[in-house]
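First comes the structure, then the notes that go with it.
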Amino acid sequence: MTGALTEAWDEARVVELARRLRTAETGGWSGTALRALVEGLGWQWEDGAAGPRLVTGPESEASSRWTPRLRPTDRFEKDYVHGGEEYVGLYVPVALPEDGARGKAEAFRAVAETLTREFGPAPVMGVYGDPGPFYDSAPLWGSPFLRWRGQENTLELHAGEHGPELLLQPTDPVENWFWRQGHGEHYAVGGFFGTRRDPANAGLGFPGRWRTDDWDVFAHALGDFLHTLPAETHALGIELDLGFHALVPGTYGPIVFHLVCGERLEIVYDPARTGEGVADPSSFGWIPHTTRPAALDHWLEAPYHSGDFGIGEVDGRRLARMMVDTLRDLGVESPTDLSLSDHAQQVGNYHVDYYGLTLQENP
């Protein structure tokens, strides 16, 4: 690992801390047990009116963004806690890159590769989107996560606002929160959630997707999904390969768009599969292949593309509106007439559900 982590936390220290957190005795996440855990890590526990403050070094360091923090069970957490846990998370920053979204994504990926070498592939990976667990807002740069799930406690590589964090949490509360977002209301769950065939995932439940027949709601959700996607896929070391089927009148629902996103994002569009729409695709913002060829590899050969965008370069709302305006011009009645290609849910060795897209897999 070179350059991604600051001097305060090198690779060996991250691995050692992760090992200790995975094997930590949390005693039902009571304050007494966590005080012992914190002090066993060589930190100080200082009681205060706002709750405990964890001190890892001199005052100047303790007051910085490096400071670990505990998440108490409060009004947003209490409905999902059934074992009497007083706390639902110990967050420890492990890198503070200063290069914006790109630096944060690269730091996350560097830590991810280190932890994967140590513990093997994470049983669970994905992107939280908005909202995150217990209704947190997503970090501005993205919300990727890798989760090494345990029966009682789970270790997660977590996206903090300032960079990657190690998060030790009791397993049940965060999974209860996720499961109970299957109520079907708009924006209930965002991002995507991927799981491996791994014994660690025994008993893991998945909420139902929410769907909408409102184009504006769909455009908003799609824009949020796309906006930080290159940072998130790069951080996780994956590539998404999504075909969008659309039930255009007079057709059997062909693939209209193909999206590829690894470190860069690009979407192609082929109007020949659907019959011509009313408007010129260029009027929606599509770039003709004859003017500028697509930059990324696509299995759908198409005469138009969106342009390619790197980390921090995506205007998700603009791309979403371009796609939605095109679909409406083609006569697609509702977002419920859209679905994903049948291979979209296979990402490496993970099966992925795209909650933020609200779309079903094509049967």
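The values are calculated or read from the model by the stated rules, or taken from the named source; none is laboratory data. These numbers come from a predicted model, not from an experiment. A quick note on method: Cβ atoms are made from the backbone with ideal geometry, for glycine too, and the neighbour counts reach across all protein chains shown. Remember, those area values only see protein heavy atoms, side chains included, never the ligands or the DNA or RNA. Shrake-Rupley method; radii C 1.70, N 1.55, O 1.52, S 1.80 Å.
Points to keep in mind about this one:
- Number of residues in the stretch 320-363 that are assigned to a loop (DSSP other than H, G, I, E, B), crowded, with 18+ Cβ neighbours inside 10 Å and touching a Pro at 6+ places or on another chain (Cβ under 9 Å): the value is 4.
- Criterion: at pLDDT 95 or above, open to solvent by 10 Å² or more (accessible area, probe 1.4 Å) and in a strand (DSSP E or B) - qualifying residue of E118, E156, E165, E113: E165
- Every test in (1) buried (at least 20 other Cβ atoms within 10 Å of the Cβ); (2) charged (D, E, K, R); (3) assigned to a loop (DSSP other than H, G, I, E, B) is passed by E98 save one, and that test is (1).
- Note on the stretch 78-92: residues that are among the acidic types (D, E) and under 24 Å from the mean Cα position of the chain (by Cα) amount to 1.
- Residue check, Y269 at pLDDT 95 or above and open to solvent by less than 10 Å² (accessible area, probe 1.4 Å): yes
- From the options E361, E301, residue that is free of Cβ contacts under 8 Å to residues at least 40 places away in the same chain and closer than 14 Å to A246 by Cα: E361
- Inter-residue pairs, beta-carbon under 7 Å, first at pLDDT below 95 and in the stretch 184-207, second assigned to a loop (DSSP other than H, G, I, E, B) and of a type in the set (A, V, I, L, M), 6+ apart: P207/V189
- Just one of the listed residues (G203, G129) is closer than 21 Å to T26 by Cβ and either of a type in the set (G, A, S) or part of a loop (DSSP other than H, G, I, E, B) (or both), namely G203.
- Pair list, Cβ under 6 Å, 6 or more apart: the stretch 87-101 residue in contact (Cβ under 8 Å) with a residue 12 or more places away in the chain, other residue assigned to a strand (DSSP E or B) and aliphatic (A, V, I, L, M): Y87/L70; G89/L167; L90/L70; L90/L168; Y91/L167; V92/L166; V94/L166
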